[in-house]
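Nothing in this text is a laboratory measurement; each read-out follows from the coordinates by a stated rule. This structure is a prediction, so every number in the text was calculated from the model and none was measured. Glycine also receives a Cβ, built like all others from the backbone with ideal geometry; neighbour counts cover every protein chain displayed.
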Amino acid sequence: MKLPAYPRYKSSGVEWLGDVPEHWEVKRLKTSAACWVSNVDKVPAEDEMPVRLCNYTDVYYHEHITPEMELMETTATGEEIHRFGLLEGDVLITKDSEEWNDIAVPALVKKSAPDLVCGYHLAITRPRPAVLSGDYLLRAFQSCAINQQFQVAASGVTRYGLPKSSIGGACIPLPSVPEQRAIAAFLDRETGRVDRLVGKKRELIERLQEKRAALIARTVTRGLNDRTIPVIRLRFFLSRIDTGFTPDSQNFPATNGESGVLKSGCVNRGIFDPTENKILSDDVAPPAKLEVKCGDVLMSRASGSADLIGSVAMVKEQPCAHLYLSDKTFRLRVNSSKCCPRFLVFAMGSTFLRGQIEQIISGAEGLAKNIAQGDIRELLIPAPPLPEQRAMADYLDAETGKLDGLVAKVGEAVERLQEYRTALITAAVTGKIDVRNAER
């Protein structure tokens with residue numbers, strides 16, 4: 001879509017913003033909106049009134065907030081309801097994050113209700129209707145030009161927070177309210193088109209992943225000649241299971257030649273990610289036998305997410321750092337006369353094994369989940385002859401490689417669409433394009 005620039009520009013006086021349309025203003029957000037931070041927690045109390053709480057994830061994963069959403073039911077005091085109750089046109093942002101560059105994610109309250117209250121870890125911005133539209137403010141927060149101000153202002157080490165003063169102090173371009181609404185309406189139309197296309201591509205990715213899972217399940221249980229494969233206990237394929245340790249470490253990854261301990265997320269749905277590690281402190285001398293080597297088969301043992309426990313992957317290349325097993329990771333040592341490691345990875349990642357793994361995951365609700373060595377050894381696994389295992393692994397390597405290539409291409413298309421979406425929003429709210437007369 002080719003859109004014109006404005007006829008005349010002027011300096012904004014702000015280096016990161018550059019020139020803006022001649023008739024626009026650039027002001028601090030606090031001059032056109034009230035900003036405050038919620039402290040309403042999720043814990044109900046008998047002497048409080050029932051409310052529906054808009055939480056961090058409701059904002060992070062949704063562009064719009066409405067009473068029709070599935071919101072948490074809890075309680076709040078009358079004062080909290082008065083102070084943190086939401087109104088139509090409010091824009092909420094996430095004020096805390098584990099990453100400095102993933103902060104101030106916004107959502108617009110499209111419709112409200114008397115019992116709709118803003119929860120903890122969120123900030124409320126309430127535009128003054130005479131000078132600022134909530135629809136436009138949503139898009140301003142989504143633009144790189146405004147969001148980067150919050151990224152710079154975020155402070156922390158393992159978790160980042162955004163001070164209230166930094167929210168109100170952000171500089172935003174301000175056209176007239178009618179023009180703000182025209183920009184917002186244009187962006188609603190265009191981002192809607194992009195979002196629908198992204199949705200279709202994500203559906204394609206899901207279908208390809210389902211096809212991949214079905215291919216693996218059928219191959220490891222029926223072989224290449226469509227016959228019933230006998231099963232045995234996994235212990236007959238293994239020589240031993242190694243687990244690691246919990247050393248003193250720092251929460252950033254080891255790189256070339258440095259030493260690190262693997263995090264639970266290093267194995268995720270069949271893929272080994274060597275960057276998921278924490279660098280070891282200088283005074284730690286890790287046992288050499290726990291170092292991960294090319295060809296090792298790793299299994300996630302413990303995680304806050306049950307979906308990730310039991311994931312298995314092979315280390316296909318020697319990591320550039322010296323990485324060691326943690327107590328949240330297993331290394332499965334196979335009996336090479338009975339089991340092909342590549343076949344083991346495919347079999348362990350199949351739906352045939354996944355159902356069994358889910359049955360042996362332990363851990364109370366809300367706490368970390370884990371899986372025991374003894375239970376792993378008793379899993380039932382298809383056991384074709386060793387030459388057939390190798391042939392099946394070769395076949396699956398080739399076929400899943402094709403599917404993974406297609407998934408990667410579609411994923412790249414999704415990334416480009418999302419980049420275009422962000423660039424379009426930024427260009428519109430900073431006046432780099434004139435969308436007032438854009439075709440509908």
Exercise. What residues have an amide H closer than 5 Å to that of Ser326, excluding those fewer than 5 places away on the same chain, when H is modeled at 1.01 Å from N in the peptide plane?
Worked result: Gly244, Phe245, Leu262
For this session: Just grab the label-to-label distance for Val43 and Lys30, each label 7 Å out from Cα along the Cβ direction, in nm (one decimal).
Result: 3.2
Exercise. Using θ = phi - 60° and the Karplus form 6.51 cos²θ - 1.76 cosθ + 1.60, what ³J(HN,Hα) does each residue of segment 70-82 get, whole Hz, x for Gly and Pro?
Worked result: 7, 9, 5, 9, 8, 9, 8, 6, x, 5, 5, 5, 5
Exercise. Given the C-alpha centroids of segment 209-244 and segment 75-150, what is the distance between them in whole angstrom?
Worked result: 49
Seminar exercise, completed: Distance in nm between Val231 and Glu88 label points, each 7 Å along Cα→Cβ, equals 5.6
Problem set entry | Whole-angstrom gap from segment 407-429 to segment 34-66, using each part's C-alpha centre | 30
Seminar exercise, completed: Set Lys2/Lys201; Lys200/Lys263; Lys95/Lys316; Lys111/Lys164, cut-off 31 Å on Cα-Cα distance; pairs above it are Lys200/Lys263; Lys95/Lys316
Seminar exercise, completed: Once amide hydrogens are built 1.01 Å from N within the peptide plane, the residues lying 5 or more places from Val51 or on another chain with amide H under 5 Å from its amide H are Thr74, Thr75, Ala76
Problem set entry | Sequence of Lys369, Lys201 once ranked by neighbouring C-beta atoms within 10 Å, starting from the fewest | Lys201, Lys369
Seminar exercise, completed: Answer in debye to the nearest 20: the dipole magnitude of segment 24-180 about its Cα centre, from +1 Lys/Arg and -1 Asp/Glu charges placed on Cβ, is 780
Seminar exercise, completed: By the DSSP-based rule, helices of the chain that are at least 30 Å long along the axis (C-alpha) and have a mean Kyte score of at least -1.0 are 177-222, 386-429
Exercise. Counting alpha carbon pairs within less than 8 Å and at least 6 residues apart, what relative contact order, in whole percent, applies to the chain?
Worked result: 17
Exercise. Using the reciprocal of the averaged 1/r over all distinct C-alpha pairs, how large is the Kirkwood radius of segment 230-383 in Å?
Worked result: 15.7
Exercise. Tell me, Tyr420, Tyr324 in order of fewest to most beta-carbon neighbours within 10 Å?
Worked result: Tyr420, Tyr324
For this session: Arrange the following residues from fewest to most other Cβ atoms within 10 Å of their Cβ: Arg436, Arg139.
Result: Arg436, Arg139
Exercise. How long are the three semi-axes of the equivalent ellipsoid for the chain, computed from the Cα gyration tensor as the root of 5 times each eigenvalue, in whole Å, largest first?
Worked result: 49, 26, 22
